[in-house]
Amino acid sequence: MGAEANCTATFNGKTTKGKARLETDTLEFRGRDVRVTIPFTQIRAVACRRGALAIDSDRGTLSLVLGDAAEKWAFKIQHPPSRLDKIGVKAEWRASAIGVDDQRFLKEVGDKITQLSVGRLLDDNDAIFFGATRDADLARVATLVPSLKPTGAVWVIRPKGRPEITERAVMAAGKAAGLVDVKVVSFSTTHTAEKFVIPVKNRPR
C-alpha cells in the first residue's frame, strides 16, 4: 500500500505529532512520544469519525487525525490485499514452484494461473517460486535464471527472522545470479518473499 501521512496521533492516552504509514499488513506511527506498529491480524475494530481513524487492537487504541484520507485508510485496513495480489499473479502465467511446501499457496496460485509445475522447472516461466530454509539453499538461485522469460521473476520464499537464512544472503544470491531485487512482501505470518528480476539492460531484445 505504502500510504503515508503527517498527522496527530493519540495512543493509550498520549498525544503527539508524527508520521503514520500504512503497509500491506501493518499500520505504523512514529512520533516523539509514540512509536507503534500494529499488525492487521491484531486489529479488533476500525472506525472513522470527523476525519479521525480509530484502531482498537491488542496493543491498545490508536487514533490518527487523517482528514479526508481516514475513510480510505479504513477501507484498506478492512480489505487488505491477498498474497496473490501482492505478488501480482496473472491468469495467463505459467510458473514453477521449487522447494515450496505451503500447500495452501500452491493451490491458490495453481487455481489462478494457466500452468503451475510443482517440483519440476518449466521453460519460459513468468514466475519461479523458490523455497529456501538456509543460506546453502541459495546457491540454486543462479540455476533458475535460464528457465525465466526475460520479463519473469524469481520469488525467494524464506522463513522470517531465522539465523539459518538471512536477508543479506538472499540479496547476495540474487546479485550473484545476475538479478536485481525489486520487491519484498510478507508472504505469510512465518515467511517473507523477495522478488528478483533480470535487469532491463540485460534482457534479450
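The values are calculated or read from the model by the stated rules, or taken from the named source; none is laboratory data. Being a predicted model, the structure only gives us computed values, none of them experimental. Neighbour counts are summed over all protein chains in view; Cβ atoms, including those assigned to glycine, are modelled from backbone coordinates with ideal geometry.
Go through the residues of region 75-85 one by one and say whether even a single one is in contact with a Lys or Arg (Cβ under 7 Å, 6 or more places away or on another chain) and under 21 Å from PHE40 (Cα atoms). Checked region 75-85: at least one residue is in contact with a Lys or Arg (Cβ under 7 Å, 6 or more places away or on another chain) and under 21 Å from PHE40 (Cα atoms).
Among the residues of this structure, VAL184 does not count as one that is in contact with a Pro (Cβ under 9 Å, 6 or more places away or on another chain) and of a type in the set (A, V, I, L, M, F, W, C). Scanning region 6-25 for residues that are within 28 Å of ILE87 (Cα to Cα) and aliphatic (A, V, I, L, M) returns ALA20, LEU22. Residue count for region 134-152, restricted to those that are surrounded by 15 or more Cβ atoms within 10 Å (Cβ to Cβ) and either farther than 23 Å from VAL89 by Cβ or not assigned by TED's automatic domain parsing to the domain that holds VAL89 (or both): 4. For region 146-204, the strands (runs of 3 or more DSSP E) that sit wholly inside it and include 1 or more residues that are in contact with a His (Cβ under 9 Å, 6 or more places away or on another chain) are 148-159. Of all the residues in region 128-160, those that are in contact with a Ser or Thr (Cβ under 9 Å, 6 or more places away or on another chain), of a type in the set (Lys, Arg) and modelled with pLDDT of 95 or more number 1. For region 72-111, the set of residues classified as of a type in the set (Ser, Thr, Tyr) and under 15 Å from the mean Cα position of the chain (by Cα) consists of SER82 only. Of all residue pairs spaced 6 or more apart or on separate chains, those with beta-carbon atoms under 8 Å, a first member in region 46-69 that is touching a residue at least 12 places away in the same chain (Cβ under 8 Å) and crowded, with 17+ Cβ neighbours inside 10 Å and a second member that is of a type in the set (Asp, Glu) and part of a strand (DSSP E or B) are VAL46/ASP56.
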